[in-house]
Amino acid sequence: MNYLGHAYLSFGDSEILTGNLIADHVKGRLALEKFPTGIKKGIELHRKIDSFTDAHSATQRAKIWFRGDYGLYAGAIMDTLYDHFLANDPKLFVSDAALLAFTAEVYTKAAEHMDYFPEAFAKYFPHMRQHNWLYSYKTMQGMQRSLQGLSRRATYMPPIENAYLTFIAHYYELAQCYYELIEGIITFVKIELSEQGAL
């Protein structure tokens with residue numbers, strides 16, 4: 001899961017949402033200590049979501065299509081692609097308007113905790129909000145841009161064009177992988193949040 005997935009799996013809690021969004025910029029356990037409890041829980045939840053997603057049999061199967069060209073980056077590519085299928089999942093977002101309303105709510109809630117944004121996230125959050133990255137996962141053009149953005153951030157990743165072509169070529173098989181994953185991860189996260197008293 002990428003930004004949209006982590007946002008959705010925060011289930012409306014603004015501190016958990018913020019931690020979920022910034023987690024890739026918070027390294028190690030000691031770095032957690034400077035955050036309030038809710039944001040810290042969100043960071044820890046992000047890490048658990050990543051572990052669950054990466055270990056899932058559907059993800060393992062999906063990564064095979066990208067591993068030849070991209071090696072260990074296959075996981076990061078799948079995280080991005082999962083957000084496309086989530087944005088188009090009619091069970092989660094019944095309409096474009098529902099997705100747009102959700103993304104606006106995410107930016108508003110995250111902005112409440114801007115004082116805790118790591119420097120790198122703080123720099124691109126305004127751009128993310130202005131251009132609505134979370135909504136852009138819905139479209140094919142948006143996915144091209146998202147994959148290009150991933151490529152720019154990953155210093156040693158090969159050119160990303162083949163990943164987009166593979167995404168198109170195996171679109172329905174990758175969608176099936178998403179549907180095999182999503183119900184299990186929703187249940188997993190709800191249990192995690194319930195045990196923490198956050199749901």
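The values are calculated or read from the model by the stated rules, or taken from the named source; none is laboratory data. Every value quoted in this text rests on a predicted model; they were computed, and no experiment measured them. Virtual Cβ from ideal backbone geometry, glycine too; neighbours counted across all protein chains shown. Just so you know, the surface numbers come from the protein's heavy atoms only, side chains and all, with ligands and any DNA or RNA stripped out. Shrake-Rupley method; radii C 1.70, N 1.55, O 1.52, S 1.80 Å.
For the range 157-199, a tally of residues being outside any helix (DSSP H, G or I), out of contact with any helix residue (DSSP H, G or I) (no Cβ under 8 Å at 6 or more places or on another chain) and open to solvent by 80 Å² or more (accessible area, probe 1.4 Å) returns 0. Only residues that are open to solvent by 20 Å² or more (accessible area, probe 1.4 Å) and either among the acidic types (Asp, Glu) or without any contact (Cβ under 8 Å) to a residue 60 or more places away in the chain (or both) were counted across the range 143-155, and they come to 7.
Entry remark, the range 18-43: residues being buried (at least 19 other Cβ atoms within 10 Å of the Cβ) and not in a helix (DSSP H, G or I) number 2 in total.
Looking for whichever is over 24 Å from PRO36 (Cβ atoms) and under 16 Å from the mean Cα position of the chain (by Cα) here; the options are THR139, THR187, THR155. Which one fits? Outline the logic, then answer.
Values: THR187 fails: under 16 Å from the mean Cα position of the chain (by Cα); THR155 fails: under 16 Å from the mean Cα position of the chain (by Cα).
That would be THR139, the only listed residue that is over 24 Å from PRO36 (Cβ atoms) and under 16 Å from the mean Cα position of the chain (by Cα).
If you go through the range 102-122, how many residues are open to solvent by 60 Å² or more (accessible area, probe 1.4 Å) and either of a type in the set (Gly, Ala, Ser) or assigned to a loop (DSSP other than H, G, I, E, B) (or both)? Within the range 102-122, residues that are open to solvent by 60 Å² or more (accessible area, probe 1.4 Å) and either of a type in the set (Gly, Ala, Ser) or assigned to a loop (DSSP other than H, G, I, E, B) (or both) number 1.
Number of residues in the range 85-94 that are free of Cβ contacts under 8 Å to residues at least 60 places away in the same chain, open to solvent by less than 50 Å² (accessible area, probe 1.4 Å) and more than 16 Å from PHE11 (Cα to Cα): the value is 0.
Of all residues in the range 44-62, those satisfying the criterion of being open to solvent by 20 Å² or more (accessible area, probe 1.4 Å), part of a helix (DSSP H, G or I) and touching a residue at least 12 places away in the same chain (Cβ under 8 Å) are GLU44, ARG47, LYS48, ASP50, PHE52, ASP54, SER57, ARG61.
Quickly run through the range 120-139 and pick out the residues that are free of Cβ contacts under 8 Å to residues at least 24 places away in the same chain and not polar (S, T, N, Q). Hits for the range 120-139 are ALA122, LYS123, TYR124, PHE125, PRO126, HIS127, ARG129, HIS131.
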